[in-house]
Amino acid sequence: MSALVDIQGLSRSFGRSPVLDRIDLRIEAGEFVALLGRSGSGKSTLLRVLAGLDEADAGRVTLPKRRSIVFQEPRLMPWKSVAANIALGVPNARASGAVALALDDVELSHRSEAWPLTLSGGEAQRAALARALVREPELLLLDEPFASLDALTRLRMQGLVRELWRKHQPAVLLVTHDVWEAVTLADRILVLEDGRFRREVHVALNHPRRRTDPHAAALEAELLAELGVEQADHHQHHNPHSERIEP
Amino acid sequence: MADPQRLERLSEAEAKPVRRFGKWRVGASLLRLLSPLAILVLWQLASLTGVLTPHILASPLDIAKTGARLVASGELVTGLGVSFLRVLAGFAIALVVGIALALAAGLSRVGDILVDPPIQMLKAMPFLGLLPLFILWYGIGEAPKIGMVAFGSVFPIYLTLHGGIRGVDRKLIEAGRTLGLNTFGIIRHVVIPGALPSLLVGVRYGLSIAWLSLVVAEQINASSGIGSIITYARDFLQTDVIVVCLIVYALMGLLTDALVRLIEAHTLRWRSW
Ligand SMILES: Nc1ncnc2c1ncn2[C@@H]1O[C@H](COP(=O)(O)OP(=O)(O)OP(=O)(O)O)[C@@H](O)[C@H]1O
Ligand SMILES: [Mg+2]
């Protein structure tokens with residue numbers, strides 16, 4: 001069976017040093033993948049190629065036709081109402097009721113005619129999520145969509161994304177700085193470093209994943225160490241599902 | 001600004017200073033009328049005592065009377081209609097040309113290279129000084145007047161819209177692309193609405209220049225319109241008529257500006273809530 005996303009030998013460089021260096025990536029339909037990596041490691045660069053905003057310098061890229069992306073900022077058109085933003089680029093979306101359904105999905109029906117500038121940060125990001133979902137994407141790209149939200153709103157948004165993922169079954173590639181976010185949400189976690197995937201972890205833990213679960217906590221600690229963050233009470237657990245990828 | 005719901009939510013204690021501030025502001029604006037009124041009174045006194053002769057400047061009361069007479073006779077209204085149509089025609093040309101050029105220069109590199117330099121050069125020209133050329137080219141009919149209005153007001157429209165298009169948030173354009181919009185869709189849903197606030201500033205500025213151009217063009221030669229009333233009054237030393245006409249020009253400027261503000265308030269309601 002061919003994967004939904006199939007990338008082979010993808011490279012992209014700015015100036016001399018490559019940001020992405022012959023990367024291979026396969027994502028199956030409906031799979032939830034999280035992408036970790038230090039700042040400047042090329043996560044957004046990869047997502048922009050997948051979103052079709054940038055071209056790869058080299059490599060073979062197979063992508064599904066219906067893709068959506070949500071950025072760190074909501075990027076709503078401030079001169080269009082929330083509903084009009086969601087309908088943008090989807091013909092007949094308002095008439096067919098798809099916009100109303102999408103608004104309902106993100107619990108924003110009461111703000112459908114509001115101007116984006118009047119929304120709170122969390123509401124705006126939910127509107128952006130609805131705008132991405134109304135296109136019924138096979139691949140949903142999320143580039144740190146919760147990074148600028150407060151901790152409580154972020155938790156709610158994570159729950160919402162998981163719920164909507166289960167309901168609509170898109171493949172998701174979530175870029176995040178929050179290791180715990182990756183551990184709670186993803187089936188698979190990738191760590192990008194020096195232009196390659198340094199680490200791939202299959203997360204086979206039951207949902208909901210809690211910090212009190214020692215396996216989950218151990219995985220978090222391990223990934224944090226991988227990213228160069230030392231923890232005070234750092235115990236080295238071996239995770240059987242994790243494998244090192246040798247460069 | 002004054003959102004009733006938000007005001008409602010304020011407690012009595014919080015709301016009071018707001019009201020007091022409002023009252024104080026009304027009082028202040030009344031106070032500001034004091035000195036203009038005093039000037040009018042002094043002016044009237046100077047005219048009454050003969051210090052200011054009607055050949056230099058008519059008295060405020062005479063000006064008011066003359067204004068009423070010119071309105072009643074229909075002379076002023078007819079002249080105003082003619083002048084207004086000139087501004088309308090000239091400004092409409094400026095709007096179409098200015099928007100077309102700004103889109104060409106703002107949306108493509110080639111357009112920018114071709115269009116922007118000559119406009120920047122022409123802009124440096126003192127356009128009122130072009131009047132003699134316009135008269136040579138077009139004679140003394142409507143064309144030089146409408147041409148002056150169009151030429152004067154095209155620059156603010158072009159410059160502000162060009163800047164506005166350049167200033168449209170690239171991130172929003174990217175978002176539009178990820179939503180599958182084509183170039184036309186991006187222009188329609190992102191670039192034009194994003195540049196609209198700038199364009200409206202240009203339209204307001206352009207309108208004030210349009211009236212200014214008209215005043216100058218009508219002074220030189222006019223057989224109809226407000227300019228001709230002024231020319232006639234000058235020959236007969238009727239300073240009252242001249243002042244009435246100047247006031248009419250000013251009022252028309254204010255009126256058209258208010259009109260654009262109204263359009264602004266409607267189309268840009270997304271940024272004031
Ligand atoms: N358009 C560009 N021109 C030049 N260099 C760029 C461009 N875009 C990205 N880069 C560089 O590529 C590298 C990777 O950038 P990228 O935005 O992909 O990082 P990131 O992993 O998303 O980082 P962060 O977590 O901070 O968002 C950085 O060093 C950045 O400076
Ligand atoms: Mg990034």
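The values are calculated or read from the model by the stated rules, or taken from the named source; none is laboratory data. As the structure is a computational prediction, the values presented were derived from the model and not from experiment. No Cβ is skipped: glycine too gets one built from the backbone with ideal geometry, and neighbour counts run over all protein chains shown.
Couple of notes before you dig in:
- Those helices (runs of 4 or more DSSP H) lying entirely in segment B:182-273 with at least 1 residues of a type in the set (D, E) and free of Cβ contacts under 8 Å to residues at least 60 places away in the same chain: B:226-235, B:239-267
- Subset tally (residues that are surrounded by fewer than 18 Cβ atoms within 10 Å (Cβ to Cβ) and touching a residue at least 40 places away in the same chain (Cβ under 8 Å)) for segment B:66-77: 1
- Selected residue (only one of A:L36, A:L50, A:L76, A:L46 is at pLDDT 95 or above, more than 12 Å from A:R131 (Cα to Cα) and within 14 Å of chain B (Cβ to nearest Cβ)): A:L50
- When segment B:171-205 is filtered for residues that are aromatic (F, W, Y) and under 27 Å from the mean Cα position of the chain (by Cα), only B:Y205 remains.
- Residue list for segment A:155-184, restricted to those being more than 20 Å from A:A204 (Cα to Cα), within 16 Å of ligand 1 (Cβ to nearest atom) and in a helix (DSSP H, G or I): none
- Counting residues in segment A:94-103 that are closer than 21 Å to B:R177 by Cβ, crowded, with 24+ Cβ neighbours inside 10 Å and at the interface with chain B (Cβ under 9 Å from one of its Cβ atoms) gives zero.
- Only one of A:R67, A:R75 that is surrounded by 22 or more Cβ atoms within 10 Å (Cβ to Cβ), within 16 Å of ligand 2 (Cβ to nearest atom) and not aliphatic (A, V, I, L, M): A:R75
- Some residue of segment A:43-54 being more than 16 Å from ligand 2 (Cβ to nearest atom), touching a residue at least 24 places away in the same chain (Cβ under 8 Å) and surrounded by fewer than 19 Cβ atoms within 10 Å (Cβ to Cβ): no
- Residue check for B:S73: of a type in the set (S, T, Y) and farther than 24 Å from B:T256 by Cα: yes
- All conditions in (1) among the aliphatic types (A, V, I, L, M); (2) at pLDDT 90 or above; (3) part of a loop (DSSP other than H, G, I, E, B) hold for A:A221, with the sole exception of (3).
- Identity of the residue in segment B:246-273, surrounded by 13 or more Cβ atoms within 10 Å (Cβ to Cβ) and within 14 Å of chain A (Cβ to nearest Cβ), that ends up nearest to A:L76 (Cα to Cα): B:W270
- A search for C-beta distances below 7 Å between a residue of segment A:134-159 that is away from every other protein chain (no Cβ under 14 Å) and any residue that is assigned to a loop (DSSP other than H, G, I, E, B) and aromatic (F, W, Y), counting only pairs 6+ apart in sequence or on different chains, returns A:R154/A:F146; A:M157/A:F146; A:Q158/A:F146.
- Pick from segment B:173-206, criterion hydrophobic (A, V, I, L, M, F, W, C) and under 19 Å from A:A128 (Cα atoms), ranking: surrounded by the fewest Cβ atoms within 10 Å (Cβ to Cβ): B:I173
- Any hit, segment B:227-237, residues being buried (at least 21 other Cβ atoms within 10 Å of the Cβ) and within 22 Å of B:A94 (Cα to Cα): yes
- Restricting segment A:1-33 to residues that are within 15 Å of ligand 1 (Cβ to nearest atom) and of a type in the set (K, R), the residue that is nearest to the other protein chains (Cβ to nearest Cβ): A:R12
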